[in-house]
Structures are given as structure tokens and as C-alpha cells.
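S.K.: If you scroll down you'll find the structure; I have some questions about it.
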Amino acid sequence: MAIGDRLYTVDINDSEFEREGWKNARYKGTKLTSAKINEFTDGDVTFGREPVIEQYSRTVYVFNQAENSLDAAAGVFYPTIDEFEQILPNKTIVGSTKFKIDRAVTFNIDEPTDFSQIEPGNNPKDPSFHFFDSLMKHDLKLKDKCSVRFFNNQNNGYVKPQYNVCYNKGEFFPAAAYFLGSGSVDTKVQALFDTNFFVYDPTPESSELTNSDFNGRFYINPNIEEWFIDQTGASGSQGNVSEEGIEAITIDHLGSIDQVNSVKGYYYGLSSQLLQNTDKYFISFNLGKNGKGILNEKNLIKAYNLLLLGYSGSNFTPAFQTDNKFGLEAAHGRFSTTVFPTSGYNSNVKQIKKEEYVLFREKERNNCIHLDFNISTEAPAGIGNGGVIIPNNLHPTIKESLNIFLSNAGLGATGGTSANFNLGGVSAKQKGLREGLRKIEEEPTFKQVNTDLNISFTPDGSGDETQKLPSDIRLKENIIFLRKSLSGIPIYKFNYKGKTETYTGTMAQDLLRLGLDKAVSKDTNGYYVVDYNLIDVDMKKV
């Protein structure tokens, strides 16, 4: 073979072509495989027992409001007592809570004092609006898991370790509600399984009963349905829209599409709204009782049998106008078959047709997260100043020292017998964690803290060399990270709970995480103490 002015003789060993390294781009001995992200599982091909792929979040989400996701309160747009002297209840679906995010706080895992914040904003044309939206929806995707911790620590003894993200597109406002009248006669209002429509006719089923007292009452929320009140003469048979726009619009008759103040007139107008592709509307029958109700689908819509209203010619199609139907996007109507079978529906069973419902209007938001959280039982002390939502894939370094990171950002917990957030469930398999940290996480959060601490100091300000000093993070507050020692041990400024004196020193939990177990032991109360003679950090009184 000639190359330039030189000749070469080349021998090819074709046995090399049979080697695995030649036949495969990556030899199977170096190819890494993993069943899960952020977690090592048996059977993975990896280095040691480390995760092959890591995808962690560094952001927590601060909320300042939390309330039931689907709630229509009596006395707001429909009366607490109607004209028949019936008490009208709140129409609330219990078990799903809407959290409104005030800001996202992103931490630097290498420097606990370094963080950045971004607010959701309210201008969709602002790039930061869309950045916040994509950030939150990436960390808190539908069906993801997360944790909730309140700044008022009195609630944190009631919250569960994890919750499911059930919806993240917007928030729901009660647009209208239908209640039965005082009589026992059934109306035609109903929604059946295996249909793509519901019937909204409030007329009594029996033709011989024509007394309007037997009809139901349809209440429209003027604070939400601005398109309705903008129509000329938009008022109901029981009351008008006041200047403040807070009085109920009450309608007691079916009417026609030409009558603004009628049930049929409302749905005709609503069909026009859906044609314009504006906000979505959902209908809930009987407080979602015919749905699964436990969010085991991890989806707010299916769990509570919410049905999305669809345009599909609703109220413009002659057949729909005649039969007083309105279209549903769900191809099979209600999600549940418990009460409404696909066949054999008995029209004489009046109990099945005693339907009341609420219409919810969804407005898209970039800062609303709905979780399977029961606000009544899991936040008994109220919302207070809010709290944080913590993505399940928050980086282990932040998760294990969350109190410190949050405190540096001015977001520490207060109140209760302990001012710490305890996430629990931090797996010892995660990077950098030891079995000692697992034991810390599994200990009770609300243990009475003994602040009657006996600490002595030598004249130079350092601790008594013969004494092991209490350095458990659960005993401390106002914790501020200062620096690291030469060996990499974090040093903080803090005070003990119930005490005013300020000290510098380390945290026992940090030493356990770093593998310095010999310097850590427990006192008679079960809290960690540190032998400062074994580390390159001194505990000093400031």
C-alpha cells in the first residue's frame, strides 16, 4: 500500500473483528442499565450501588393559600335558606385541596446560603410567567408525589408523608348550582352512564304535576359568569344583580333559548361560550359521590366523577334543544357504574333521578397545584402563613438538611414543640446518606424538647473539653450556615430553643451524614451530643 512516496505492508488480523468491542459501540461490560431514576435497584448494572441516572429538583414551592379544590359555599351566590325554608348546604368535595404557589425557591446544593426566587407573575406575555409555569409543571407533574409542610408546625403532626399531584392546570370556581325544590317529586335532571350528554330540565317528571313549587332552583354566580350578566335583562325570578354583583341570580323555570333568564337560556349562552374556546366547564353530580372518591386514579377529574362539558353542538342541535340536553366530552358519560348501569335503567326508581349538581368553571393558572389533601383533618390549625410543597425528587442534600436551607431563605417553621420540618422517608440508598440518618428521620417529629441545657464554657469561649455538648438540630433554631471547616464539616450560628444566647458549632446530623459516627452519641433524653475533641470544629459562645 502506497502512502505518498512510501510503500507499506499491512497485515490484518481478522479475528479482531469478532471481539465484542468491535461489534458493539459500547462493550457490554461498560454499558450501564437502570430500572429507576434516582434509585439503585437490584439488577442494575452500575458503579457500586449508585443510581445510574439522577434527575433531582433543587426547588421548593412556597404557598400562601390552601382551600378545597371544588367548593360552592352557601350564602355566597345562593342563599343559605331558600324560598321553601329549605336549608341549602355547602356543596364541597372533601379530599382534594388547591394550593396557590406564591414563589419558587431554588437552592445551591453546595452553598446553603445561596438561593434564588421567582414569582409566578400575572402577565402571560412575560417570559418569567412561562418559565415559572414550566418549572412547576416539571417538578410537580400530574401523578407525581410530593410532601407538604406548614410554617405553623402545629399542622405538621397531621400531614401524611406524601401526596399525589391530582391536577396542575388551573383552579375551579363555582359558576352555577341546581337544587331540588321542596316537594318529593323528581325532576328530569339526570346524567347516565354510557351517554355523552346530560339532561338539565328541572320540570317534574310526572306530567300531571305542574305546580312550580315542585321545580328545582337554578342559581347562577354573577361573580364568575360575567358573560351572563353582560346580557340585557340578566336577572332571575328571585333577585337581581346588585351594583356590587354579589346577589344570587335565581331561575325557577326551563324557559326557552330566547329567554335569557331561564335554564334553557343559560345553557344556550354557555354553549356559545364553549364555542369560543374560552374557559372549560365541569359538572359534578351529588358532590362526586358516584366517582371513585379516593383519588386512586391520581386524577382529580376521574376520582370525583367530574364531567367536562363539551360544545359538540350543545343547544344548537335541534335534538338537543328539544330534549334539553347538553354535551359531555366524556364518551361514556359518568365514570362510575355503581348507580347508573349501562342497561336496565328503571325510570320508576325516583331515588336515582333525584339529581343536584354544581357547574365549575376552570380558569387556567400557572401557580395552582391540587393534591389529595384533606384540609379539614390535615390542617386543623388553619393555613396561617402557608408552607412549602416539596417535590419527591428534591435533591437528597437539600432534603436531609431542609431546615437549614429554608432557614437561610427566611422560611423556617415556627410554633409547636419543634420548629423543624421532618420529611421522613429519605431513603438510605440515596446518595450520601447513611443508616444513621435513616434512624434520625424515623424518630417522632413532635417530641418535647428539653431546653434546660447544662453547657459550660472555658474562659477562651470554647466548650468544656470534658463535656459532650448537645448538637442535635432538633434542639436549635435561627440556624445560619457560616462556612465549612478544613475537613469539610459545616459550621453554623444558632441558639437553643427557649434560650437567647448565640453559639457557633456544628450539627450532629451533619456528622452522621459525613460518616463521623464516633463523635456522636445520645444523651438520656434521646438527643444527639457531639464530642468536639474528635473534630476540627469548636463550639463557641458568640
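Here is a yes/no grid of residues against (1) in contact with a helix residue (DSSP H, G or I) (Cβ under 8 Å, 6 or more places away or on another chain); (2) charged (D, E, K, R); (3) modelled with pLDDT of 90 or more:
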residue: Lys137; (1), (2), (3): no, yes, yes
residue: Asn152; (1), (2), (3): no, no, no
residue: Asn196; (1), (2), (3): no, no, no
residue: Glu226; (1), (2), (3): no, yes, no
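Condition check ((1) closer than 30 Å to Pro124 by Cα; (2) at pLDDT 85 or above) across all residues:
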position	(1), (2)
Cys368	yes, yes
Gly382	no, yes
Asn420	no, no
Glu443	no, no
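S.K.: Looking at segment 69-82, which of its residues are more than 16 Å from the chain's Cα centre (by Cα) and crowded, with 23+ Cβ neighbours inside 10 Å?
M.R.: Within segment 69-82, the subset more than 16 Å from the chain's Cα centre (by Cα) is 71-82.
Passing the criteria: Ala72, Phe77, Tyr78.
S.K.: Residues Phe326, Phe335, Phe285: which one is at pLDDT below 65 and aromatic (Phe, Trp, Tyr)?
M.R.: On the way: Phe326 fails: at pLDDT below 65; Phe285 fails: at pLDDT below 65.
After ruling out the rest, the residue left standing is Phe335.
S.K.: Within segment 33-68, restricting attention to residues that are part of a loop (DSSP other than H, G, I, E, B) and of a type in the set (Gly, Ala, Ser), which residue is nearest to the chain's Cα centre (by Cα)?
M.R.: Looking only at segment 33-68, we keep the residues that are part of a loop (DSSP other than H, G, I, E, B), and these are 34-44, 46-56, 58.
When the remaining residues are screened for being of a type in the set (Gly, Ala, Ser), the result is 34-35, 43, 48.
Working: Ser34: 28, Ala35: 26, Gly43: 33, Gly48: 35 Å.
Selected residue: Ala35.
S.K.: Please work out which residue is modelled with the highest pLDDT, limiting yourself to segment 33-49 and to residues that are over 30 Å from Leu411 (Cα atoms), loosely packed, with under 13 Cβ neighbours inside 10 Å and of a type in the set (A, V, I, L, M, F, W, C).
M.R.: My answer is Ala35.
S.K.: Going residue by residue through segment 128-137, is there one that turns out to be assigned to a loop (DSSP other than H, G, I, E, B), under 23 Å from the mean Cα position of the chain (by Cα) and either outside the structural domain of Asn385 (by TED's automatic domain parsing) or hydrophobic (A, V, I, L, M, F, W, C) (or both)? Quick ask: steps written out before the conclusion?
M.R.: Of the residues in segment 128-137, the ones assigned to a loop (DSSP other than H, G, I, E, B) are none.
So far as segment 128-137 goes, no, none of its residues is assigned to a loop (DSSP other than H, G, I, E, B), under 23 Å from the mean Cα position of the chain (by Cα) and either outside the structural domain of Asn385 (by TED's automatic domain parsing) or hydrophobic (A, V, I, L, M, F, W, C) (or both).
S.K.: Restricted to segment 142-194, and to residues that are outside any loop (DSSP other than H, G, I, E, B) and aliphatic (A, V, I, L, M), which residue is nearest to Ile224 (Cα to Cα)? Spell out how you get there, then give the answer.
M.R.: First, the residues of segment 142-194 that are outside any loop (DSSP other than H, G, I, E, B): 145-150, 152, 163-167, 170-179, 187, 190-191, 193.
Okay, now just the ones that are also aliphatic (A, V, I, L, M), so 148, 165, 175-177, 191.
Numbers: Val148: 30, Val165: 26, Ala175: 6, Ala176: 9, Ala177: 12, Ala191: 24 Å.
Per the stated criteria, the residue is Ala175.
S.K.: If you don't mind, another one. Looking at Ser407, Ser343 in this structure, which one is at pLDDT below 85, surrounded by 20 or more Cβ atoms within 10 Å (Cβ to Cβ), of a type outside the set (A, V, I, L, M, F, W, C) and more than 17 Å from the chain's Cα centre (by Cα)?
M.R.: On the way: Ser343 fails: surrounded by 20 or more Cβ atoms within 10 Å (Cβ to Cβ).
Exactly one of Ser407, Ser343 is at pLDDT below 85, surrounded by 20 or more Cβ atoms within 10 Å (Cβ to Cβ), of a type outside the set (A, V, I, L, M, F, W, C) and more than 17 Å from the chain's Cα centre (by Cα), namely Ser407.
S.K.: Among the residues of segment 241-270 satisfying the criterion of being at pLDDT below 85 and loosely packed, with under 15 Cβ neighbours inside 10 Å, which is farthest from Lys91 (Cα to Cα)?
M.R.: Glu243
S.K.: Anything in segment 501-537 that is surrounded by fewer than 16 Cβ atoms within 10 Å (Cβ to Cβ) and within 18 Å of Phe481 (Cβ to Cβ)? List them, or say none. Spell out how you get there, then give the answer.
M.R.: As a first pass, look at segment 501-537 and keep what is surrounded by fewer than 16 Cβ atoms within 10 Å (Cβ to Cβ): 501-502, 515, 517-518, 521-526, 533-534, 536.
Result: Thr502, Asp536.
S.K.: Checking Phe107 against (1) within 30 Å of Val358 (Cα to Cα); (2) modelled with pLDDT of 90 or more, which single condition isn't satisfied?
M.R.: (1)
S.K.: In the list Pro120, Pro112, which residue meets the criterion of being outside any helix (DSSP H, G or I) and at pLDDT 90 or above? Walk me through how you get there before you give the answer.
M.R.: Numbers: Pro112 fails: at pLDDT 90 or above.
Every option except Pro120 fails the conditions.
Residue-wise test of (1) free of Cβ contacts under 8 Å to residues at least 40 places away in the same chain; (2) surrounded by fewer than 17 Cβ atoms within 10 Å (Cβ to Cβ).
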position: Pro51; (1), (2): no, no
position: Glu54; (1), (2): no, yes
position: Ser57; (1), (2): no, no
position: Glu67; (1), (2): no, yes
position: Phe84; (1), (2): no, yes
position: Asn122; (1), (2): yes, yes
position: Ser128; (1), (2): yes, yes
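S.K.: So, in segment 368-411, how many residues would count as being among the charged types (D, E, K, R) and touching a Gly at 6+ places or on another chain (Cβ under 7 Å)?
M.R.: Our first condition is that a residue be among the charged types (D, E, K, R); within segment 368-411, this holds for 372, 378, 399-400.
Checking which are touching a Gly at 6+ places or on another chain (Cβ under 7 Å) leaves us with 372.
Residues in segment 368-411 being among the charged types (D, E, K, R) and touching a Gly at 6+ places or on another chain (Cβ under 7 Å): 1 in total.
The values are calculated or read from the model by the stated rules, or taken from the named source; none is laboratory data. Please read these numbers as outputs of a predicted model, since none were measured by experiment. Positions of Cβ are generated from backbone atoms using ideal geometry, with glycine treated the same way; all protein chains shown enter the neighbour counts.
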